[in-house]
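First comes the structure, then the notes that go with it.
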Amino acid sequence: MKRVFITQSNPKLNLLAASAFGELIEVLPASSNIIYNAGNTVEKIKQELADFDDGDYLLPVGAPAIMLVCGSVAAKNNSGRYKVLTWDRQESMYYSIDIDLLA
């Protein structure tokens, strides 16, 4: 089953439209702070994205450093490839961007 990994939970955002791409999974809770606990935060991200594959998506939400680590871990676990969902305000929908770091 396809999965959408939300990099960091944000209860103020309605991300339901992203469920059209797969099951929504939160990588980190809103309270996560990579500044004060980088080592543990990176380990948690590694655990959550351990089986990230071509059928999965990242939905970047939250602290920029957390989004970057999630992208790095997803790429490492999937031969340099991952997909990112981005919101288009004009169309009011998500689009998928394919990233291939080894191309």
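Read the figures in this text as sums done on the coordinates, not as results from a lab. Keep in mind the model is a prediction, meaning the values are calculated, not measured. Neighbour counts are summed over all protein chains in view; Cβ atoms, including those assigned to glycine, are modelled from backbone coordinates with ideal geometry.
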* Among the trypsin sites (Lys or Arg not before Pro) within region 11-61, which fall in a DSSP loop and have no more than 13 other Cβ atoms within 10 Å of their own Cβ? -> K12
* To do: Filter the chymotrypsin sites (Phe, Trp or Tyr not before Pro) in region 32-103 to those in DSSP coil with at most 16 other Cβ atoms within 10 Å of their Cβ, and list the result.
  => Y36
* To do: Assuming a ≥ b ≥ c are the square roots of the Cα gyration tensor eigenvalues, decide whether region 63-103 counts as rounded (a/c under 1.5), prolate (otherwise, with a/b larger than b/c) or oblate.
  => oblate
* Count of Lys pairs (Cα-Cα under 20 Å; at least 8 positions apart or interchain) in the chain -> 6
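I'd like the Kirkwood hydrodynamic radius of the chain, using the inverse of the mean 1/r over distinct C-alpha pairs, in Å.
Computed over Cα pairs of the chain, the Kirkwood hydrodynamic radius comes out at 13.8 Å.
Relative contact order for the chain: what percent, with Cα pairs under 8 Å and sequence separation of 6 or more?
For the chain, the relative contact order is 27 percent.
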* Would you calculate, for the chain, the mean residue ellipticity at 222 nm contributed by helices, counting each DSSP H stretch of 4 or more residues as -39,500 (n - 2.57) and dividing by all residues, to the nearest 500? => -7500 deg cm²/dmol
